[in-house]
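S.K.: Pasting in a structure now, in structure tokens, and then I'll have a few things to ask.
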Amino acid sequence: MKDFIEAYYPIILAFMSFLMSVTLWFMGNKLEGIFVGIWVPSILSLSIAIRQRRKK
């Protein structure tokens, strides 16, 4: 289980951010939903950068 979480935590965090963004959007907080939605690619790109640094 620890290996699974260690390997997929960025995807889990990005998905949680996506769900929060959709929730905010449909609750009427459209600007907040867009702001949180921008976190998804940021989380994924940061995780890629961190993994590349670890491999060196």
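What follows is calculated from the coordinates using simple rules that are stated; it is not laboratory data. Here the structure is a predicted model, which is why all the values come from computation and not from measurement.
S.K.: Remind me, relative contact order of the chain in percent, using alpha carbon pairs under 8 angstrom and six or more residues apart?
M.R.: Taking the mean separation of contacting Cα pairs over the length of the chain, I get 33 percent.
S.K.: Another question about this same structure. Compute the orientation-averaged projected area for the chain from the convex hull of its Cα atoms and round it to one decimal in nm².
M.R.: Here the figure is 4.1 nm², rounded to one decimal.
S.K.: Roughly speaking, what is the stretch gain from LEU13 to ARG51, that is 0.36 nm per residue apart minus the C-alpha to C-alpha distance, in nm to one decimal?
M.R.: Working it through step by step, the gained length comes to 12.1 nm.
S.K.: A follow-up question, please. With helices defined as uninterrupted DSSP H runs, which ones in the chain have an alpha carbon span along their own long axis of at least 20 Å and mean Kyte-Doolittle hydropathy of at least 1.0?
M.R.: In the chain, the long hydrophobic H runs are 2-26.
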